[in-house]
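Chemist: Below: one structure in structure tokens.
The values are calculated or read from the model by the stated rules, or taken from the named source; none is laboratory data. No experiment lies behind these values; they were computed from the predicted model shown. Note that we place each Cβ from the backbone using ideal geometry, even for glycine, and neighbour counts take in every protein chain shown. We work out accessible area using only protein heavy atoms, side chains counted, and drop any ligands, DNA or RNA first. Shrake-Rupley method; radii C 1.70, N 1.55, O 1.52, S 1.80 Å.
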Amino acid sequence: MSDASDTSANQMWGGRFSTGVDAIMEAINASIDFDKRLARQDIEGSRAHAAMLAAQGILTDSDAEAIREGLLTVLSEIEGGKFTYSRALEDIHMNVEARLKEIVGEPAGRLHTARSRNDQVATDFKLWMRDQYDAAIAGIEALQKALLAQAEQGADWVMPGFTHLQTAQPVTWGHHMLAYVEMLGRDASRFRDGRTRMNESPLGAAALAGTSFPIDRHMTAAALGFDRPAANSLDAVSDRDFALEFLASASICAMHLSRLAEELVIWSSAQFRFVRMSDAFSTGSSIMPQKKNPDAAELIRAKIGRIMGAMVGLFTVMKGLPLTYSKDMQEDKEQAFDAADSLMLALAAMTGMIADLSANREELERAAASGFSTATDLADWLVRALNLPFRDAHHVTGSLVAMAEQKGCDLPDLTLPEMQSVHSGITEEVFGVLGVYNSVASRTSYGGTAPLRVREQISTWNERLE
């Protein structure tokens with residue numbers, strides 16, 4: 001297919017303009033450089049539209065069949081890399097239609113009956129975004145499974161739980177992994193909800209007011225896998241909520257990935273040594289031979305900037321637009337394309353990192369026992385065993401922590417007489433709650449870190465993801 005001239009582009013516009021578009025106008029107006037990604041969806045929608053027109057007697061069966069077969073030829077050329085795109089034809093819709101005319105001749109001109117580029121692009125974009133919703137859900141579930149495998153391996157391994165990045169209480173490795181499984185579960189549910197809400201077909205809304213032709217919008221909606229046609233033609237061509245919802249859900253998901261990436265960066269440092277990243281997701285330094293940099297994690301951490309930026313960008317484009325379609329809305333796709341690409345890459349990279357991750361059980365346990373992490377267990381024991389009010393127990397425990405800190409030891413290393421010097425009622429039984437394994441085993445409340453509860457949650461999630 002050869003590039004069309006400005007004159008042929010003007011003919012596509014129906015003769016409205018008598019002179020060619022200058023280079024600047026062509027550059028700002030054309031979208032083919034990016035919306036060619038919608039080629040498969042555009043052809044899928046056009047084939048469904050042609051079949052419906054024939055079923056309604058608006059097209060002859062022979063014209064519809066020629067159009068549908070010609071569109072398959074165009075798709076084959078595109079997928080085979082043999083299609084030449086023309087910026088003079090502006091967008092994917094006109095590029096496909098022009099090539100279709102070269103293949104099938106006069107019937108190609110009948111394809112656009114009872115539709116507009118407004119409902120056509122809305123349909124194409126929805127079909128593309130729907131695929132991204134599905135891909136995001138699949139990517140999230142793959143990452144959840146990798147996290148569950150880590151959780152299962154370390155369901156009873158102890159590690160420090162943090163608040164303010166300070167050691168707080170011992171938890172299990174499995175429990176920590178499950179926290180991200182829960183976050184990702186909410187992410188998947190947001191994508192599922194958005195997919196359900198967006199699954200209405202704009203096709204047949206035409207430019208903005210519907211059409212006088214006796215079309216069957218339910219037929220095309222069903223053919224394209226939509227639940228129903230959109231009920232209001234004005235809304236159908238001007239709605240981009242489906243892209244905004246995707247970008248909002250993607251931003252939250254990317255934020256969760258960034259939090260996990262940040263922990264991997266910290267944990268893999270020489271100061272923590274909690275985990276070892278595989279060579280596949282690390283790089284070396286150009287000058288420092290001892291370095292192993294967690295570059296994949298850092299790049300995932302940065303993706304939130306691009307994805308959230310796309311969300312803010314599209315919100316800004318849409319916020320002041322009157323009904324219905326405005327050319328501003330051409331700016332919807334590049335941002336959505338980039339954000340979807342970034343999210344899928346981040347999910348895939350994080351899944352690979354987690355699957356290859358080696359946790360250092362000994363270092364996790366050593367850190368879990370540091371920083372007086374069982375102080376809360378001591379306070380709880382004072383409440384249970386000595387019937388102290390919690391605030392009094394908190395004060396006694398604080399005094400014992402200060403004593404241990406002064407001695408340079410941990411709470412379990414204090415002697416019974418030393419403890420009794422702070423409160424005479426303390427007995428030998430207290431040492432039964434001060435070990436980190438005793439601590440995590442005691443946290444049996446629903447959602448707690450006890451290995452028993454962790455294994456229950458792993459089983460529940462494995463069933464959900466089957």
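Chemist: Quick one: count up the residues across the stretch 268-300 that are buried (at least 17 other Cβ atoms within 10 Å of the Cβ), at pLDDT 90 or above and closer than 13 Å to MET353 by Cα.
Modeler: Number satisfying all stated conditions: 5.
Chemist: Among the residues in the stretch 416-436, are any open to solvent by 50 Å² or more (accessible area, probe 1.4 Å), touching a helix residue (DSSP H, G or I) at 6+ places or on another chain (Cβ under 6 Å), closer than 22 Å to ALA368 by Cβ and outside the structural domain of GLU362 (by the TED database)?
Modeler: So far as the stretch 416-436 goes, no, none of its residues is open to solvent by 50 Å² or more (accessible area, probe 1.4 Å), touching a helix residue (DSSP H, G or I) at 6+ places or on another chain (Cβ under 6 Å), closer than 22 Å to ALA368 by Cβ and outside the structural domain of GLU362 (by the TED database).
Chemist: Picking from ALA142, ALA138, ALA149, which residue would you name as being open to solvent by 10 Å² or more (accessible area, probe 1.4 Å) and free of Cβ contacts under 8 Å to residues at least 60 places away in the same chain?
Modeler: From the options ALA142, ALA138, ALA149, the qualifying one is ALA138.
Chemist: Check MET311, MET318 and return the single one that is under 25 Å from TYR133 (Cβ atoms), more than 21 Å from the chain's Cα centre (by Cα), modelled with pLDDT of 95 or more and buried (at least 18 other Cβ atoms within 10 Å of the Cβ).
Modeler: Residue meeting the stated conditions: MET318.
Chemist: Something else: Evaluate the following for GLU26: is it under 23 Å from PHE337 (Cα atoms), modelled with pLDDT of 95 or more and open to solvent by less than 70 Å² (accessible area, probe 1.4 Å)?
Modeler: no
Chemist: Inside the stretch 358-371, can you point out the residues that are crowded, with 20+ Cβ neighbours inside 10 Å and at pLDDT below 95?
Modeler: ALA367, ALA368, ALA369
Chemist: While we're looking at this one, here's another question. For the stretch 364-466, give me every one of the helices (runs of 4 or more DSSP H) that falls completely inside it and has 1 or more residues that are in contact (Cβ under 8 Å) with a residue 40 or more places away in the chain.
Modeler: 375-386, 431-434, 436-442, 451-465
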